[in-house]
Amino acid sequence: MSSQLPTLPALLPMLKRSAIATIIAFFLFLPTLGIKTAASGGVDGLFLQYRWSGLAIACGLIFVARMAMEIFGKKQDGTSKPAAAPSALVRFFGSAKIAKTVGPVLLVFAIVFPFLPFSDRYILDLGILIITYVMLGWGLQIVVGLAGLLDLGYVAFYAVGAYSYALLSIHFGFGFWMCLPLAGLLAATWGVILGFPVLRLRGDYLAIVTLAFGEIIRVVLLNWRGFTGGSNGLSSIPRPSFFGLPFNQEPGGFAATFGLEYSSMQRIVFLYFLILALAIFTFFVTGRLRRLPIGRAWEALREDEIACRSLGINTVNTKLSAFAIGAMFGGFAGSFFAAKQAFVSPESFNFMESATILAIVVLGGMSSQLGVVFSAIAMVGGVELLRQLQFLKVIFGPDFDPSQLRLLLFGLAMVLMMLWRPRGLVSTRTPTVFLKDEKTVSAAMISQGRG
Amino acid sequence: MTQNLLAVRGVETFYGRNQALYGIDMDVNEGEIVTMIGANGAGKSTLMMAICGVNRAVRGSVTFAGKPIHEMPTHEIIRLGISQSPEGRRIFPRMSVYENLQMGAVTIDPKYFADDLARMYALFPILEKRHAQRAGTLSGGEQQMLAIGRALMARPRLLLLDEPSLGLAPLVAKTIFDTLRELNQSQGLTVFLVEQNAYHALRLASRGYVMVNGRITLSGTGSELLNHPEVGAAYLGGSGH
């Protein structure tokens, strides 16, 4: 950890390790970065293009980065390091006091966000997207974080919610607030339907079945043309109105009623607050559930299923309730998604969505609600940030599309996380708050214990 | 026998095609400590699981307080008043000691919780000191105390203990056995104890059974078995301590 540069004999093994890393990187990057198949346009079909310069840049970067790690980083001697004192960042997010202040600050920021000067339509849309993912993250957190059931098909419930809203509003003319609980209910039902066959499965096997379930729902939506519109999806879904006042230029519209000048932004702001309200609802319900006996039973289930059974917990009901409630919030979010887009198609519910939501939960630290917020901002906002990197075209040429770096960023985030925060951004688990009448007991216990 | 709290009759269980238990008959009466001793793989834990309905009896019957329970789901059996501290403790490592005890009381009316908790802390003062600590960070003996405490939080009529002395220092094991004796004498707690530590278990128990390869070969009072030559040779290291 010395700040001085190492002497030459010390430098040699470092150089050797860096060279090895570079060679490994070379072989890894050779097929992915170094070779590109391109269509010739002629009868030859495909031919290979070699990109030696790109490969050289990547390997060079790896060498430099590895050397930097060797010189400035911690010793990588393979032995387990003694746990270092938590960094400032960890202490910052880990402390319950800070978490209690950061939460309200974020909430206030989220409420005033649409009225800030830089909030144009694009920024607001991004805000809506992030909050949708935060809500989905909180929903999935019940299943994955609390109950410990790895669900790779969560997007299925999002889809069920979206199609429920679309079909109910198109065929029966139901309004948003009527469809919302119905969509949640339907999604929860599908959660139970998924839950039953996987009751006995855990870990990898559960992941595979849930993954398949997500795909089944998508494929059904894709092929059941008469009902779901197939790949064309369902369009012209009625947009939600402000307590019966539509957002349009008509005399009976929102703007006219409140004597405002019509602007398309009003609808966006309304949608923003709608999803914010839904997310806050999710936050309170999931946060509260965690402190209730059912939430503790979920956590106990994650810890040890056999012990749960030997304590008289009905593990079947506990698992199914986790699936159902998690799915319900997915359904709510899906319902909002359909209302916002006014168009749903199976395209929106592919595996990538499931993976993103799961990544948000995992990156956030599995059981921290605040962690989900930060990781959703990082995962969704980060991708949007990539679109802003158009100046990179100057370096990489006009064909360069920065948003294609999305998966690279994804991978990079995961690698960095493995290195520095293997248990997620906010990995501390706060014990469930003691209930009122128990508080006196516990306070007495503490004083006794100390005294 | 006046009141059989637990009666096991002709229980046979299988692991796949391998038979693990052969016609097990045993009783636990109200207020007794009954122990089952036997070597590794004799089928002691299997019997425990058969009582709790985890690995069901294929033949035979298990009755608890006169009620047949061998076809009930586990959680309903537990709710009848059988509480189990399973093999290997199986506490919830990432939850606090307090939360572990809370989990023990899920089947119980919450109004008893504060009293029961105070009783448990009086019984195992170390748990009170560690109440906010993650259970996984406790020592082996403390974890065993927590496992027993958690089982007791369910106000059991019958406490099933699977090898509570496993992996514990002799002194710690003795503390745990002493606590069990105290609970039995002061509160009339009925205990069915599965143990390899035959000497301690038989000294504690009013009656005992010896299991060998899935069959009960001997039964009698604790002192009878302690002095039995076969038991002495096989489980007490030849000499009678």
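Given N residues in segment B:92-155, what is Rg(Cα) / (2.2 N^0.38 Å)? The partial results should precede the final answer.
Details: Rg = 10.4 Å, N = 64, 2.2 N^0.38 = 10.7 Å.
In units of the globular-protein estimate, segment B:92-155 measures up at 0.98.
With a 10 Å radius around each residue's Cβ, average the other Cβ atoms per peptide and rank A:322-329, A:397-404, B:80-87, highest first.
Top to bottom by mean Cβ count within 10 Å: A:322-329, B:80-87, A:397-404.
Just from the alpha-carbon atoms, what are the Rg and Dmax of segment A:113-244 in angstroms?
17.0, 53
Which of B:Glu182, B:Glu128 has the fewest other C-beta atoms within 10 Å, and how do the rest follow up to the most?
Fewest to most other Cβ atoms nearby, the residues stand as B:Glu182, B:Glu128.
So how do B:Tyr209, A:Tyr165 line up by other beta-carbon neighbours within 10 Å, fewest first?
The fewest-first ordering by Cβ neighbours comes to B:Tyr209, A:Tyr165.
Mind ordering A:289-297, A:197-205 by average Cβ neighbours within 10 Å, highest first?
A:289-297, A:197-205
For peptide B:97-105, what's the mean number of Cβ atoms from other chains within 10 Å of each residue's Cβ?
Working: counts 1, 7, 7, 5, 0, 7, 12, 3, 3.
So the per-residue partner count for this stretch is 5.
Given the pairs A:Lys319/A:Lys340; A:Lys36/A:Lys393; A:Lys340/A:Lys393; B:Lys111/B:Lys174, which span a C-alpha to C-alpha distance of over 27 angstrom in this model?
In this structure, A:Lys319/A:Lys340; A:Lys340/A:Lys393; B:Lys111/B:Lys174 lie more than 27 Å apart at Cα.
To the nearest whole number, what is the average tally of beta carbon atoms from other chains within 10 Å of the beta carbons of peptide A:309-322? Write out the running numbers ahead of the final one.
Numbers: counts 10, 21, 19, 18, 6, 8, 3, 2, 1, 1, 0, 0, 0, 0.
Going residue by residue through A:309-322 and averaging, the value is 6.
Which three semi-axes in whole Å describe the equivalent ellipsoid of segment A:9-69, each the square root of 5 times a Cα gyration tensor eigenvalue, listed largest first?
Values: eigenvalues 231, 14, 8 Å².
For segment A:9-69, the semi-axes come out at 34, 8, 6 Å.
Percent relative contact order of chain B, based on C-alpha pairs within less than 8 angstrom and at least six residues apart? Walk me through the numbers on the way to the answer.
Details: 466 pairs, mean separation 63.1, N = 241.
About 26 percent, as a whole number.
Gap in Å between the Cα centre of segment B:139-173 and the Cα centre of segment B:48-78?
So the two Cα centres are separated by 22 Å.
Based on other C-beta atoms within 10 Å, arrange A:Thr32, B:Thr175 from fewest to most.
A:Thr32, B:Thr175
Cα convex hull of chain A: how many Å³ per residue?
Expressed per residue, the convex hull around the Cα atoms of chain A is 243 Å³.
Values quoted throughout were computed directly from the atomic coordinates according to the rules given, and no laboratory measurement underlies them. Note that this is a predicted model, so its numbers are computed, not measured. FYI the Cβ positions are ideal-geometry reconstructions off the backbone, even for glycines, and counts take in every protein chain you see.
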